[in-house]
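Colleague: Structure provided below as structure tokens; questions to follow.
The values are calculated or read from the model by the stated rules, or taken from the named source; none is laboratory data. Model, not experiment: these values are computed from the prediction. Methodologically, a virtual Cβ is constructed for each residue, glycine included, from the backbone with ideal geometry; neighbour enumeration extends over all protein chains shown. Please note that ligands, DNA and RNA were not included when accessible areas were found on the heavy atoms of the full protein model with its side chains. Shrake-Rupley method; radii C 1.70, N 1.55, O 1.52, S 1.80 Å.
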Amino acid sequence: MTHRHITRWRADPFARGSYSFLARGAISEQRDDLAAPLPPLHFAGEATTRNYPSTVHGALLSGQRAAAEIADSSAGSIAVI
């Protein structure tokens, strides 16, 4: 390995070690709304998974889901932001 990038979420001035949580009165199905694509945009992240929210595992699985959505679409060009 010649290149690596280390993140420090707690030191990030925007994240500050944060993760998602459902507010009182919210329902887990609302995470599906966050995950819904708005072509050409596709969304991923631990907040977009109903089964593994607030976890790295959820973030990974949601990224794989979004990648599959993009691969299955007839998207011309793809930009990852």
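Colleague: So I have (i) 48, 25, 20; (ii) 35, 29, 17; (iii) 46, 38, 20, and one of them is Cα extents along the principal axes in Å calculated from this model. Which one is it?
Modeller: The calculated read-out lines up with (iii).
Colleague: Something else: For Arg65, what charge total do you get from the other residues with a beta carbon under 14 Å from its beta carbon, if Lys and Arg give +1 and Asp and Glu give -1? It would help to have the intermediate numbers written out before the result.
Modeller: Numbers: positive: Arg31, Arg50; negative: Asp32, Glu46, Glu69, Asp72.
Summing Lys/Arg as +1 and Asp/Glu as -1 gives -2.
Colleague: Sticking with this one: Can you give me the accessible area per residue for the chain, using a 1.4 Å probe, in Å²?
Modeller: On the way: 6930 Å² over 81 residues.
Heavy-atom SASA per residue in the chain reads 86 Å².
Colleague: Here's a follow-up. Quote the FRET efficiency, to the nearest 0.05, computed for Gln64 versus Arg24 with a Förster distance R0 of 35 Å and r equal to the Cβ-Cβ distance. Walk me through the numbers before you get to the answer.
Modeller: On the way: r = 31 Å, r/R0 = 0.88.
Efficiency for this residue pair is about 0.70.
Colleague: Still on this structure, I have one more. Roughly how many percent of the accessible protein surface of the chain is carbon and sulfur, given a 1.4 Å probe and a whole-percent answer? Intermediate values should be presented prior to the final figure.
Modeller: Working: 4080 of 6930 Å².
For the chain, the apolar C and S fraction of the accessible surface comes to 59 percent.
Colleague: I need to check one value: relative contact order of the chain, counting alpha carbon pairs closer than 8 Å and at least 6 residues apart, in percent.
Modeller: On the way: 79 pairs, mean separation 15.5, N = 81.
It rounds to 19 percent for the chain.
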